[in-house]
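Notes to accompany the following structure.
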Amino acid sequence: GINAEYGGSDPSVSPDYGRIVNQRHFNRLKALMPSAESSEKIVCGGQLDENSLYIAPTIVDNVGPDSKLMKDEIFGPFMPIIQVESITEAIQFIRGRPKPLALYLFSERREVAERFKKETSSGGLTINDTLLHGFVASLPFGGVGESGMGAYGGRHSYETFSHERAVLHRSNIDAAADVLRFPPYSLQKLGWLKMLMSNSVKSSNFLIRNGLSIGLIVGLFSALYFYAEKGGFFHQ
């Protein structure tokens with residue numbers, strides 16, 4: 001199995017298998033182990049050595065959603081198993097809980113990977129491995145919601161601790177548009193504004209490239225509206 005391949009037949013004597021960082025965390029993890037009366041069952045591992053702060057890689061089956069193993073981040077060598085009937089049920093289970101810092105999916109089916117990309121939310125998503133997204137400098141590492149805000153890694157670190165300030169410097173060339181913005185209001189004004197907004201630009205790049213033209217168009221519409229109000233276009 002995996003233990004034999006990476007840690008030898010006995011991980012407790014392997015120089016490559018780590019130990020729990022201190023006594024407090026050892027006690028915390030020990031308390032998560034299923035008791036003899038529990039419906040949860042250890043199917044692999046479970047060995048402890050408090051003197052060396054050793055806990056074997058442990059797989060726990062028959063875990064329920066309200067298990068103490070599911071209450072908080074484990075930060076230890078436990079893998080709780082919750083059985084589901086379908087991909088949809090697995091996604092619903094994830095979506096019904098706080099958004100995780102990382103989500104790991106193991107599947108060779110492209111459609112399954114796409115569903116997890118589109119239908120779940122997490123700080124990061126790694127498919128067919130674990131942790132690797134945190135080591136790619138070009139990818140942002142961080143949480144979402146309860147798992148954290150912001151991200152770091154390359155430019156993402158800079159952007160997290162920076163503030164993008166919105167600055168708008170208005171020119172008087174489009175002052176004619178004020179006739180639509182300010183009182184007295186009317187249904188005709190609302191109609192003109194809806195027409196202008198429905199034909200508004202779709203991207204900031206377009207606005208930058210065509211700002212002068214857009215300003216002239218707004219001014220023209222405003223002038224036409226002003227003339228229509230004074231000249232009787234809207235009067236019976």
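Bear in mind these aren't lab numbers, they're just calculated from the coordinates by the rules spelled out. Everything quoted here is computed from the prediction, not taken from an experiment. Counting neighbours? That spans all protein chains shown, and the Cβs are built from the backbone with ideal geometry, glycine included.
Given H placed 1.01 Å from N in the peptide plane, which residues other than close sequence neighbours of Leu125 have an amide H under 5 Å from its amide H?
Those qualifying (amide H under 5 Å, at least 5 residues apart or on another chain) are Leu103.
Loop-only check: which trypsin sites (Lys or Arg not before Pro) in segment 70-144 are DSSP coil with at most 14 other Cβ within 10 angstrom?
Lys71, Arg109
How big is the dipole moment of segment 93-188 about its Cα centre under a simple scheme where the beta carbon of each Lys and Arg is +1, that of each Asp and Glu is -1, and everything else is neutral? Debye, nearest 20, please.
On the way: 12 positive and 10 negative charges, 34 e Å.
My answer is approximately 160 debye.
Show which aspartates and glutamates lie in cross-link reach of Lys68 when reach means a straight Cα distance below 12 angstrom and same-chain residues fewer than eight apart are skipped.
Answer for Lys68, where 12 Å is the Cα cut-off: Glu40, listed by chain and number.
Can you list the aspartates and glutamates whose alpha carbon sits under 20 Å from that of Lys194, skipping same-chain ones fewer than 8 residues off?
Asp174, Asp178, Glu229
Net charge around Ile59, counting only other residues with Cβ within less than 15 Å of its Cβ (Lys, Arg = +1; Asp, Glu = -1)?
Here the count lands on -1.
Considering the dipole of segment 102-183 built from charges on the beta carbon (Lys and Arg +1, Asp and Glu -1) around the Cα centre, which of His133, Ala151, Val179 is farthest to its positive end?
Result: Val179.
Using modelled amide H (1.01 Å from N, peptide plane; none on Pro or chain starts), what sits under 5 Å from the amide H of Lys99, excluding residues fewer than 5 places away?
The answer is Glu146, Ser147.
Rounded to the nearest 20 Debye, what is the dipole magnitude of segment 76-144 about its Cα centre when Lys and Arg each give +1 and Asp and Glu each give -1 at the C-beta? Walk me through the intermediate numbers first.
Values: 8 positive and 7 negative charges, 45 e Å.
Result for segment 76-144 is approximately 220 debye, rounded to the nearest 20.
Among residues other than Ser12 whose Cβ falls under 10 Å from its Cβ, what is the net charge (Lys/Arg +1, Asp/Glu -1)?
That works out to -1.
Could you run the Karplus curve 6.51 cos²θ - 1.76 cosθ + 1.60 with θ = phi - 60° over segment 44-54 and give me ³J(HN,Hα) per residue in whole Hz, x for Gly and Pro?
7, x, x, 6, 10, 9, 5, 4, 9, 6, 9
If Lys and Arg each add +1 and Asp and Glu each add -1, what is the summed charge of the other residues whose beta carbon sits under 15 Å from the beta carbon of Lys71?
Taking every other residue near Lys71 into account, the sum is -2.
Could you list which residues have their amide H under 5 Å from that of Met79, counting only those 5 or more apart in sequence or on another chain, with H placed in the peptide plane?
Under 5 Å from the amide H of Met79: Thr58, Ile59, Val60.
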